[in-house]
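Please read the structure below before turning to the comments.
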Amino acid sequence: MKSKIKKLSMFILIVIVLTLTVTGCGGKTTNQTVENKEPKKASTITLKIANYYAADHPVNEALEDIFKAVVEKKTDGRIKVEIYPNNQLGNEQEFIEGVQLGNIEMAMTGNMWENTVPQFRIMQLPYMFVNYEHADAVLNGPIGEQIYKYLEPLNVKVLTSFPNGFRVISNNKRPINSIEDCKGIKLRVFQGEIIIKEMKALGFDTVVMPFSEIFTALQQGVVDGQDNPLATAYYAGWYDVQKYVAITNHMYSPGYIVINADVWNSLSEDEKAIIKGAARNTAEAILNAVQSQEKDIIKKITEKGVVVTYPELKPFMERVKPIIDEYIKEYPETEDIIKEIQKLGEQYLK
């Protein structure tokens, strides 16, 4: 009897050992299956870039050929870039608000930021920059970085600045050979405090109007003229409905490549470096294109019958100088920045 009990106990022990062994092997097999699973691929990021330029403008050509190509290649397609030219995502004010909210990841903007950030008016004070090199040194250097910090509360980061160009005046009423010729011309201006004050000081009757409405307004005579950089007006087709262009260079027109701050902060350091580098290379390409095309544009519009004039600029500068003094009086914290810009400009006059 004791022998049978002993044998039965041994049998039960063997069964228990075998069960534990099988369970253990099964556990190892399960763990190994988990370990052999392929890691999840990183999700794709899409950067929509809004702007108001014509599709064949140098800005959009640079965006397509440089920014989009470089970013998508260097991130192995992990970051996709979609470009929306010609106000496809709304006018400038609308896509500026889109970037702030994050509905639009990026944009190529003008200086409309000055409506909410007064320090941005510095860049468009009359005759603030002596040439393109001076403007680039300021806006893509330490001074620019100091000014761009004022955009941080709006949830926007400036990646770099590029030139739209120096603004010139076109109209259908008369050629502008002197400051006296400005009187009584109904001129379209954008919604910016400095440009409105400047054009009124020069004698124009100003009409605030969105960029997208300019061509029709010029064509139908709602306004006599407009002021914009040569390339902007040329690629928009406005010189087809304008008779006269005056090279006044009264205001530098900066552009900015901006990105929503939350989108920027969500990127890895490598991704930030790729996007920042591509943005800077894009801005440099735009600078080169704008500079090289200006003489060619003047030649082309002259051949079409547009009369181009070069008025003496000293009277223009003297007439608008009080605008700078008034601005400093209203925003005294900007005086040192303005003086630094003017001092730097002396180097580019030599």
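What to note about this one:
- In the range 39-94, the residues that are among the aliphatic types (A, V, I, L, M), closer than 21 Å to Gln293 by Cα, in contact with a helix residue (DSSP H, G or I) (Cβ under 6 Å, 6 or more places away or on another chain) and not in a helix (DSSP H, G or I): Ala54
- Residue within the range 180-195 that is assigned to a strand (DSSP E or B) and acidic (Asp, Glu) present: no
- Close Cβ contacts (under 8 Å, 6 or more residues apart or on different chains) running from residues in the range 80-91 that are of a type in the set (D, E, K, R) to residues that are in a strand (DSSP E or B) comprise Lys80/Ile45; Lys80/Thr46; Lys80/Leu47; Glu82/Thr46; Glu82/Leu47; Glu82/Lys48; Glu82/Ile49.
- Qualifying positions in the range 169-181 - among the aliphatic types (A, V, I, L, M) and farther than 21 Å from Thr216 by Cβ: Ile176, Ile179
- Number of residues in the range 174-217 that are hydroxyl-bearing (Ser, Thr, Tyr), farther than 24 Å from Pro118 by Cα and within 29 Å of the chain's Cα centre (by Cα) equals 2.
- Test for Tyr127: is it more than 16 Å from Trp264 (Cα to Cα), aromatic (Phe, Trp, Tyr), under 13 Å from the mean Cα position of the chain (by Cα) and modelled with pLDDT of 95 or more: no
- The residues in the range 117-170 that are in contact (Cβ under 8 Å) with a residue 40 or more places away in the chain, in a loop (DSSP other than H, G, I, E, B) and over 23 Å from Ala285 (Cβ atoms) can be counted, and the count is 5.
- Subset of the range 69-107 [of a type outside the set (S, T, N, Q) and either farther than 18 Å from Tyr256 by Cβ or touching a Cys at 6+ places or on another chain (Cβ under 6 Å) (or both)]: Ala69, Val70, Glu72, Lys73, Lys74, Asp76, Gly77, Arg78, Ile79, Lys80, Glu82
- For the range 114-142, the tally of residues that are β-branched (Val, Ile, Thr) and farther than 25 Å from Glu294 by Cβ stands at 2.
Matching residues to (1) closer than 29 Å to Thr334 by Cα; (2) β-branched (Val, Ile, Thr); (3) touching a Gly at 6+ places or on another chain (Cβ under 8 Å); (4) surrounded by 24 or more Cβ atoms within 10 Å (Cβ to Cβ):
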{"site": "Gln146", "(1), (2), (3), (4)": "yes, no, no, no"}
{"site": "Leu154", "(1), (2), (3), (4)": "yes, no, no, no"}
{"site": "Ser170", "(1), (2), (3), (4)": "no, no, yes, yes"}
{"site": "Ile176", "(1), (2), (3), (4)": "no, yes, no, yes"}
{"site": "Glu180", "(1), (2), (3), (4)": "no, no, yes, no"}
{"site": "Gln191", "(1), (2), (3), (4)": "yes, no, no, no"}
{"site": "Lys200", "(1), (2), (3), (4)": "yes, no, no, no"}
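- Close pairs from the range 258-283: first more than 21 Å from Phe162 (Cα to Cα), partner surrounded by fewer than 24 Cβ atoms within 10 Å (Cβ to Cβ), Cβ under 7 Å, at least 6 apart: Asp262/Gly102; Asp262/Asn155; Val263/Gly102; Val263/Glu105; Glu271/Thr75; Glu271/Ile79
Condition check ((1) surrounded by 15 or more Cβ atoms within 10 Å (Cβ to Cβ); (2) closer than 22 Å to Glu271 by Cα; (3) at pLDDT below 95; (4) touching a Phe, Trp or Tyr at 6+ places or on another chain (Cβ under 8 Å)) across all residues:
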site: Lys28; (1), (2), (3), (4): no, no, yes, no
site: Lys48; (1), (2), (3), (4): yes, yes, no, yes
site: Glu64; (1), (2), (3), (4): yes, yes, no, no
site: Asn91; (1), (2), (3), (4): yes, no, yes, yes
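The values are calculated or read from the model by the stated rules, or taken from the named source; none is laboratory data. The shown structure was predicted, so the numbers you read here are calculated from the model rather than taken from an experiment. Cβ atoms come from the backbone with ideal geometry, glycine included; neighbour counts cover every protein chain shown.
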